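K.L.:
This structure is in structure tokens; I'll ask about it shortly.
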Amino acid sequence: MSEIQGAPAQGLEGQAAAGGSSGRRLNPSLLIGGGIVAVVVVLALVSYVWTPYTPMRVLAVEPYQTPNAEHWLGTDRLRRDVFTQILVGARTTLYVGFVAVGVAALVGVPLGILAAMSPGWLGQLVMRSNDVLLAFPALLLAIMFAALYGGSTRVAMIAIGIATIPAFARITRSGALGVMKTEYVVAARAAGRSPLGIAVRHVIPNVAGLIIVQASVSFAIAILAEAALAYLGLGTPTGQASWGRMLYEAQTTLRSAPHLALIPGGAIALSVLGFNLFGDGLRDWLDPKLEGR
Amino acid sequence: MPAMRTSTKTRSLVAAVAVTALLAGCNAGSSTSSDTGSQDGTGSEAEGGEDTGDDTAQAPAPGGSDETVRIGLVAEPASLDFTTTDGAAIPQLLLDNVYETLVSVDVESGEIVPALATEWEVSEDRLTYTFTLKDGVTFSDGSEFTAEDAAFSLERVSSDAWTISLKSQLDVVESVEAVDDTTLEVTLSRPSNSFLYALTTRVGAMFDTEGVDNLAEEALGTGPYTFGTWDRGTQITLERNPDYHDEAPYFAAVEMRYFDDANALNNAMLTDSIDVVSTVQAPESLAEFEGGDFQIVEGTTNGEVVLSMNQEEGNPLADADLRQAVRHAIDHQALMDTCWAGRGELIGSMAPPTDPWYEDRTGDYPFDLARAEELIAEAGAEGTELRLRIPSLPYAVSCGTVVESMLEDAGLQVTIDELEFPAAWLETVFTNKDFDMSIVAHVEPRDMANVFGSPDYYTTYGTEQVQTLFEEADTGTEEEQVAKLAEAATLISEDAAADFLFLLPNLMVADPDITGLPTNAIKESFDLGELARG
């Protein structure tokens, strides 16, 4: 019994991460990244209650305006307000991140845990299938999906999500393997707790930190993938605001109206940087071993 | 199959450009003597000191140079055989350049002019056409072009050797006979106004009786150029035909370079990798070429950008009031200014200004938002949801966005679906008619009857009234043809069978000293014979 009681105290860094990390120092990456992420979230939320003009509406104004008082970020070739598109495009950016990361985490995490908890052929099968999927480039998979099911944001992001499953499965498995060796899990198994119970009660809380970090990094990858697909004309379809699509549409006027490419390009770069920094910051914050580095 | 044809062409024919070869055909006799002589040498411009002054003053240097001109295009042909392979890229490359036809079209007036036939007579009953062929014409392998070759070529169209659907254009031909070496007699089963015009297109191409064994890879014709090399995926080279029967072309060779997209094409022009952009695919990018370093050629095409409306029973647009509302709700000038940089022409119906039966029908449904709203109210269609399913082509995507905004201003709900072109668009819109509205450019010459002649076609119009007009137009006299087709165009416009957004412009960019570029692109070919560096 003493072993079991003692277990939580020895609960490795993962346990600490899931529990109390409030005392940790907030690092610059986390602050800057978190700030940028917050701005993107705020832009998206604001777009639901207010936009300067009707989203995607062709206006009776001059095209190619540079930023001015009427149109804060100018107007595009089709006389649409750029700032409005940036606001509404933030929704797409977050949407793609959530869909892709959602798909990847919902499938990848259980697979990783399954692999860690079934050391026999099942675990092998899961991880080897994972390796096969890992060999498949995410963008290629998305392009294939677009060819099969037509270009749409959701289809593209499900494809990106599927391609990101291995990342989640691996990181979950490696974290879970560590947890499975801990004394309290050994004890729980000895006490006859069901595998599902162990997974929910002990494994998931202990690998949550790892997953959150991975999610943040994958979020950035998804944003970039959406932009790349929209740039190829395969992602977000016409009539929907997306930063990648804005960039795509700006390419024919790159020389005469560079701001139309710079604005969405900057937004994409900044948000990708933001989510990456946020992921790094979270990792440092959650991982005591790195503290003080 | 016409489906495939129309649509593959939409993309590539937008790029198809034509030049004024026919003018050359007309005054050929006067100037032949001077140029055939200089073929062997390096050309008079390079060598001859005396007449260089004239050469630079008048645009095309008659003797020709040993220079190669590089032309940028967007659609590479799939094969060289347009008798069995659809697609506009093949005739664009080969027709009028390698293969010639008996008659051709004047790109300025739209009239039919002599080519390999110097003249033709039509019998009283309009069933027999007697062509007098030009004497002394040879194929590039040296064999003579005679009426026998012409008869062979035309008869071959009706045989199983030709498989493309366009061959039906010569279904009206009953018999073809080579009377003597330079006289060809064609008998029709019924009078047809479209017959002579059909001869100007690929079905009228003249082949050598001995030269049709490997059409996919070899092309043997009488034209100013011969087929050179094909570097697949990159370029096709045509070389000057040293024995050409007419004024020899200026350039010793032509490199047709194929690009995947508009930007790559533009960049090639800006970096001097090509001398001519055959068709500017993104008119908003023209600003890059303004300022004197390049010349910009702007003319018209046959490409009517049609906003089709599915009027089959049960669809919202079966209601004529609603279709009329759509036409009133669109400010065509603003639309063209916005989505195609103001380049192009407003037409109002299915006939370009280069067709003899063209009438300006833009006044039928002037932009009138109040009237549009009134009509929508009458139809009880406020807030009706319409699916605008467009192909993923630059003009359709840009203009679709503008149409959406304009119709929503009038109180309709529009959702845009961008369908991959050609496959997805063809299946959904063209074949299954699962759409309310679509946007596509119909680029074939004189295609009003094809596009609006049948209720089974994707435009779902083809009323009996209009079908009768088309029939009367083809069998009647030429005057009747013009009158009946003008009437048909009026009817199509008034019935709001579709909306006609605008006519695609012919936009070319070239080095400032290139001459002989066609203003209007209304033929199937990109006629290279007149190109020169002035």
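The values are calculated or read from the model by the stated rules, or taken from the named source; none is laboratory data. If you're wondering where the values come from, they're calculated on a predicted model, not measured in any experiment. Glycine gets a Cβ as well: all are built from the backbone with ideal geometry, and neighbour counts include every protein chain shown. To get the accessible areas, we keep the full protein, side chains included, count just its heavy atoms, and leave off ligands, DNA and RNA. Shrake-Rupley method; radii C 1.70, N 1.55, O 1.52, S 1.80 Å.
K.L.:
Residue by residue through the range A:226-252, note down the ones that are surrounded by 24 or more Cβ atoms within 10 Å (Cβ to Cβ) and away from every other protein chain (no Cβ under 14 Å).
P.N.:
Within the range A:226-252, A:Glu226, A:Ala227, A:Trp243, A:Gly244 meet the criteria.
K.L.:
Condition check: touching an Asp or Glu at 6+ places or on another chain (Cβ under 9 Å), hydrophobic (A, V, I, L, M, F, W, C), open to solvent by less than 60 Å² (accessible area, probe 1.4 Å) and more than 30 Å from A:Gly281 (Cα to Cα). Does A:Leu59 satisfy that?
P.N.:
On the way: touching an Asp or Glu at 6+ places or on another chain (Cβ under 9 Å): yes; hydrophobic (A, V, I, L, M, F, W, C): yes; open to solvent by less than 60 Å² (accessible area, probe 1.4 Å): yes; more than 30 Å from A:Gly281 (Cα to Cα): yes.
It is true that A:Leu59 is touching an Asp or Glu at 6+ places or on another chain (Cβ under 9 Å), hydrophobic (A, V, I, L, M, F, W, C), open to solvent by less than 60 Å² (accessible area, probe 1.4 Å) and more than 30 Å from A:Gly281 (Cα to Cα).
K.L.:
Now for a different question. What is the residue count in the range B:358-392 for residues that are within 30 Å of B:Ala424 (Cα to Cα), open to solvent by 30 Å² or more (accessible area, probe 1.4 Å) and within 14 Å of chain A (Cβ to nearest Cβ)?
P.N.:
Summing the residues that are within 30 Å of B:Ala424 (Cα to Cα), open to solvent by 30 Å² or more (accessible area, probe 1.4 Å) and within 14 Å of chain A (Cβ to nearest Cβ) in the range B:358-392 gives 4.
K.L.:
A:Val39 is checked against (1) more than 14 Å from chain B (Cβ to nearest Cβ); (2) crowded, with 19+ Cβ neighbours inside 10 Å; (3) out of contact with any helix residue (DSSP H, G or I) (no Cβ under 7 Å at 6 or more places or on another chain) and fails just one. What number does that condition carry?
P.N.:
Answer for A:Val39: the failing condition is (2).
K.L.:
Of the residues B:Thr201, B:Thr226, B:Thr237, which single one is among the hydroxyl-bearing types (Ser, Thr, Tyr), surrounded by 14 or more Cβ atoms within 10 Å (Cβ to Cβ) and under 19 Å from the mean Cα position of the chain (by Cα)?
P.N.:
The unique qualifying residue is B:Thr201.
K.L.:
I would also like to ask the following. Provide a single number: the residues in the range A:253-264 that are surrounded by fewer than 24 Cβ atoms within 10 Å (Cβ to Cβ), in a helix (DSSP H, G or I) and more than 11 Å from chain B (Cβ to nearest Cβ).
P.N.:
Total satisfying the criteria: 4.
K.L.:
Determine, yes or no, whether A:Val101 is part of a helix (DSSP H, G or I), touching a Ser or Thr at 6+ places or on another chain (Cβ under 7 Å) and either open to solvent by less than 30 Å² (accessible area, probe 1.4 Å) or not basic (Lys, Arg) (or both).
P.N.:
Spelling it out, A:Val101 is indeed part of a helix (DSSP H, G or I), touching a Ser or Thr at 6+ places or on another chain (Cβ under 7 Å) and either open to solvent by less than 30 Å² (accessible area, probe 1.4 Å) or not basic (Lys, Arg) (or both).
K.L.:
Name the pairs whose Cβ atoms lie under 8 Å apart, with the first residue in the range A:88-99 and more than 16 Å from A:Pro55 (Cβ to Cβ) and in contact (Cβ under 8 Å) with a residue 12 or more places away in the chain, the second β-branched (Val, Ile, Thr) and open to solvent by 20 Å² or more (accessible area, probe 1.4 Å), and 6 or more positions between them or separate chains?
P.N.:
Matching pairs, first to second residue: A:Val99/A:Ile158.
K.L.:
Ok, one more. Go through B:Leu166, B:Leu170, B:Leu184 for me and flag whichever is at pLDDT 95 or above and either β-branched (Val, Ile, Thr) or buried (at least 17 other Cβ atoms within 10 Å of the Cβ) (or both). Walk me through it before giving the result.
P.N.:
Details: B:Leu166 fails: at pLDDT 95 or above; B:Leu170 fails: at pLDDT 95 or above.
Every option except B:Leu184 fails the conditions.
K.L.:
Sticking with this structure for a sec: Looking only at the range B:45-104, which residues are at pLDDT 90 or above and among the small types (Gly, Ala, Ser)?
P.N.:
Result: B:Gly72, B:Ser104.
K.L.:
Now, a different point. Being assigned to a helix (DSSP H, G or I) and of a type in the set (D, E, K, R): is that true of A:Arg170 here?
P.N.:
Judged against the criteria, A:Arg170 is a match.
K.L.:
Name every residue in the range B:283-313 that is within 14 Å of another protein chain (Cβ to nearest Cβ) and either under 30 Å from B:Asn432 (Cα atoms) or without any contact (Cβ under 8 Å) to a residue 60 or more places away in the chain (or both), in order of residue number.
P.N.:
If the condition is that a residue be within 14 Å of another protein chain (Cβ to nearest Cβ) and either under 30 Å from B:Asn432 (Cα atoms) or without any contact (Cβ under 8 Å) to a residue 60 or more places away in the chain (or both), then B:Glu284, B:Ser285, B:Ala287, B:Glu288, B:Glu290, B:Gly291 are the ones that fit.
K.L.:
Going residue by residue through the range B:116-138, is there one that turns out to be loosely packed, with under 15 Cβ neighbours inside 10 Å, more than 16 Å from the chain's Cα centre (by Cα), under 22 Å from B:Pro422 (Cβ atoms) and not acidic (Asp, Glu)?
P.N.:
no
K.L.:
Sticking with this structure for a sec: Could you tell me whether any residue of the range B:497-504 is at pLDDT 90 or above, charged (D, E, K, R), in contact with a Ser or Thr (Cβ under 9 Å, 6 or more places away or on another chain) and crowded, with 17+ Cβ neighbours inside 10 Å? Give the steps one after another, and end with the answer.
P.N.:
Filtering the range B:497-504 down to residues at pLDDT 90 or above leaves B:497-504.
If we keep only those that are charged (D, E, K, R) as well, we get B:499.
Checking the rest, the ones that are also in contact with a Ser or Thr (Cβ under 9 Å, 6 or more places away or on another chain) come to B:499.
If we keep only those that are crowded, with 17+ Cβ neighbours inside 10 Å as well, we get B:499.
Scanning the range B:497-504 turns up at least one residue that is at pLDDT 90 or above, charged (D, E, K, R), in contact with a Ser or Thr (Cβ under 9 Å, 6 or more places away or on another chain) and crowded, with 17+ Cβ neighbours inside 10 Å.
K.L.:
Can B:Ile274 be described as assigned to a strand (DSSP E or B) and in the same structural domain as B:Leu286 (by TED's automatic domain parsing)?
P.N.:
Numbers: assigned to a strand (DSSP E or B): no; in the same structural domain as B:Leu286 (by TED's automatic domain parsing): yes.
Here the answer is no, as B:Ile274 does not meet what is asked.
K.L.:
Right, something else. Just name the residue that is farthest from B:Ala287 (Cα to Cα) out of those in the range A:54-79 that are within 8 Å of chain B (Cβ to nearest Cβ) and not hydrophobic (A, V, I, L, M, F, W, C).
P.N.:
A:Arg57
K.L.:
Related question: Determine which member of the set A:Ala167, A:Ala188 is surrounded by fewer than 24 Cβ atoms within 10 Å (Cβ to Cβ), under 14 Å from the mean Cα position of the chain (by Cα) and small (Gly, Ala, Ser).
P.N.:
Step by step, each of A:Ala167, A:Ala188 is checked, and only A:Ala167 is surrounded by fewer than 24 Cβ atoms within 10 Å (Cβ to Cβ), under 14 Å from the mean Cα position of the chain (by Cα) and small (Gly, Ala, Ser).
K.L.:
Checking B:Pro77 against (1) open to solvent by less than 20 Å² (accessible area, probe 1.4 Å); (2) free of Cβ contacts under 8 Å to residues at least 40 places away in the same chain: exactly one of these is not met. Which one?
P.N.:
Result: B:Pro77 fails condition (2) only.
K.L.:
State all residues of the range B:314-357 that are of a type in the set (Val, Ile, Thr) and within 14 Å of chain A (Cβ to nearest Cβ); if no residue qualifies, say none.
P.N.:
If the condition is that a residue be of a type in the set (Val, Ile, Thr) and within 14 Å of chain A (Cβ to nearest Cβ), then B:Ile330, B:Thr338 are the ones that fit.
K.L.:
A:Thr84 - would you say it is closer than 27 Å to A:Ala225 by Cβ, within 14 Å of another protein chain (Cβ to nearest Cβ) and assigned to a helix (DSSP H, G or I)? I'd like the intermediate steps shown before the answer.
P.N.:
On the way: closer than 27 Å to A:Ala225 by Cβ: yes; within 14 Å of another protein chain (Cβ to nearest Cβ): yes; assigned to a helix (DSSP H, G or I): yes.
Spelling it out, A:Thr84 is indeed closer than 27 Å to A:Ala225 by Cβ, within 14 Å of another protein chain (Cβ to nearest Cβ) and assigned to a helix (DSSP H, G or I).
K.L.:
Hey, another quick one. If you take the residues in the range B:179-209 that are in a helix (DSSP H, G or I) and of a type outside the set (Ser, Thr, Tyr), which one is farthest from B:Leu127 (Cα to Cα)? Spell out the reasoning first.
P.N.:
Start the filter on the range B:179-209 by keeping residues that are in a helix (DSSP H, G or I), which leaves B:194-198, B:202-204.
Then keep just the ones that are of a type outside the set (Ser, Thr, Tyr); that gives B:195-196, B:198, B:202-204.
Values: B:Phe195: 10, B:Leu196: 12, B:Ala198: 15, B:Arg202: 22, B:Val203: 19, B:Gly204: 18 Å.
Residue satisfying both the conditions and the ranking: B:Arg202.
K.L.:
Restricting to the range A:208-264, what's the tally of residues that are more than 24 Å from A:Phe168 (Cβ to Cβ) and of a type in the set (Gly, Ala, Ser)?
P.N.:
Final tally of qualifying residues: 9.
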